[in-house]
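Undergrad: Can you keep this structure in mind? I'll have questions shortly.
Just so you know, all these numbers are worked out from the coordinates, no wet-lab data involved. As the structure is a prediction and not an experimental result, all values here were calculated from the model. Heads up, the Cβs are rebuilt from the backbone with ideal geometry, glycines too, and the neighbour counts pull from every protein chain shown.
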Amino acid sequence: MELNRREFISASAITAALTVLPINSAQAKIRKLKNGIDISWLPDVEAAGAKFFTGTGSVIDPIRLMKISGISVGRIRVWVNPEGENGSINRAIKLAKRLKQQGIEICIDFHFSDTWADPAHQSIPSAWSSDSLSQLKTDLSQYISSALYKFRTAKVTPQWVQLGNEISNGFLWPLGKIDSNSAEQWRSFVALYKSATKALRKASPKSQSILHLDCGGDSSKLQWWFSMAEQYGLTDYDVVGLSYYSQWHGSFSNLRAGLSTAVELTGKPVLIVETAYPWTVRKFGDDVLDVEKSGLANLPLTEVGQANYVKQFQSMMRSLPKNAGLGIWWWEGLSRQVRANNGNVIWNGGMGNSTLVDNNGRPLKSLTELGK
């Protein structure tokens, strides 16, 4: 969708998500959001022997559990040339097939790196490390085209595509880095982003393009970022994707201001493509979210507190003007820690305290809330 403050997106999936419901009708249903879960680590969790259960205690496939809980989207990260299966296209295609079998939409999150990409790390893929800006544009275009061809051939074309992960500071450093008002920096970054977008539009024209920034709770940075992006012609994306973690991004008030800023400046719908909140104060080891820094007012780090976090978050997204709030995607919501019978840890991704299932694989109240 072009940046002209249009109120609708033509694609049927997004249009349906933005349908305005009657406000004064007592019978009106609550607007369903396109809520999702990142499942990229799920194969590792399952390989370690983890099982998942329904609320009544029956063993269930975790992606089936997502479906019956009302989850709409599964998000999968992809790295350019990873050392192992984590982040590989082969793994992503297998996961995408499982999602499709359950009728769950697919989001492919392209990290333009061989490993983790985030605001502090956007390492250029090793195979591209000596390339010029012009060649990098070609690298990106060919990579996106090739990757999406593989998904299309496997009959799992994604409904959603992220071109870069948490790119508030750019990607493909150093040539695609943006950390100032430098015209040279912005022209280079925008040229690279446009190359990726052009490839996406050609290879998978029905996929919704998500521009993902990490700073969901920083309205000042969002205002700077979108103003600079518009100035240098970065306008071709369908959805603003934001990360929000209370530990790094502050209060819900900060988030509300960030969401409002994104909607006002871009005229685009908004997704929270990454969030999580602890359900326990227990420390599992190597925890990504620090329970001593994550707590929000009136939202204790308990099962009920986590469920209320989801409930309040949903209400905030539904209250955005023009029904611009599309959904909330939970980061690695199924990546529970796995232990052997003797108590030794078999697998731990660091998200055990903030999953949507408990450490025995049973659904928490938050999973039900996210599915509403």
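Undergrad: Go through segment 115-132 residue by residue and turn each phi into a ³J(HN,Hα) via Karplus (6.51, -1.76, 1.60, θ = phi - 60°); whole Hz please, and just put x for glycine and proline.
TA: 8, 4, 10, 7, x, 9, 9, 9, 5, 5, x, 4, 5, 10, 5, 9, 7, 6
Undergrad: Give me the base-10 log of I(q)/I(0) for segment 35-370 at each q in 0.12, 0.13 Å⁻¹, Debye formula, one uniform scatterer per Cα, rounded to two decimals.
TA: -0.83, -0.98
Undergrad: For segment 28-136, how big is Rg over Rh, using alpha carbon atoms and the Kirkwood form of Rh?
TA: Checking Rg against Rh, the ratio lands at 1.08.
Undergrad: Relative contact order (percent) for the chain, with alpha-carbon contacts under 8 angstrom and 6 or more residues of separation?
TA: Over the chain, the number comes to 20 percent.
Undergrad: Measuring from label point to label point, each 7 Å out along Cα→Cβ, what is the Q135 to W116 span in nm?
TA: A separation of 3.0 nm, rounded to one decimal place.
Undergrad: Counting only GluC sites (Glu not before Pro) that are in a DSSP loop and have at most 15 other C-beta atoms within 10 Å, tell me the longest site-free stretch of the chain.
TA: Between the exposed loop sites, the longest stretch runs 86-291.
Undergrad: Quick check: residue separation of K97 and R64 times 0.36 nm, minus the Cα distance between them. What number comes out in nm?
TA: 10.6 nm is the gain from fully extending K97 to R64.
Undergrad: In addition: On full extension of the chain, what length is gained from A183 through S126, given 0.36 nm per residue of separation minus the C-alpha to C-alpha distance?
TA: Values: separation 57, 0.36 × 57 = 20.52 nm, distance 2.65 nm.
Between A183 and S126, full extension yields an extra 17.9 nm.
Undergrad: Gain in length, K221 to K202, computed as 0.36 nm per residue apart minus the alpha-carbon separation, to one decimal in nm? All intermediate terms of the calculation are to be shown ahead of the outcome.
TA: Details: separation 19, 0.36 × 19 = 6.84 nm, distance 3.14 nm.
3.7 nm is the gain from fully extending K221 to K202.
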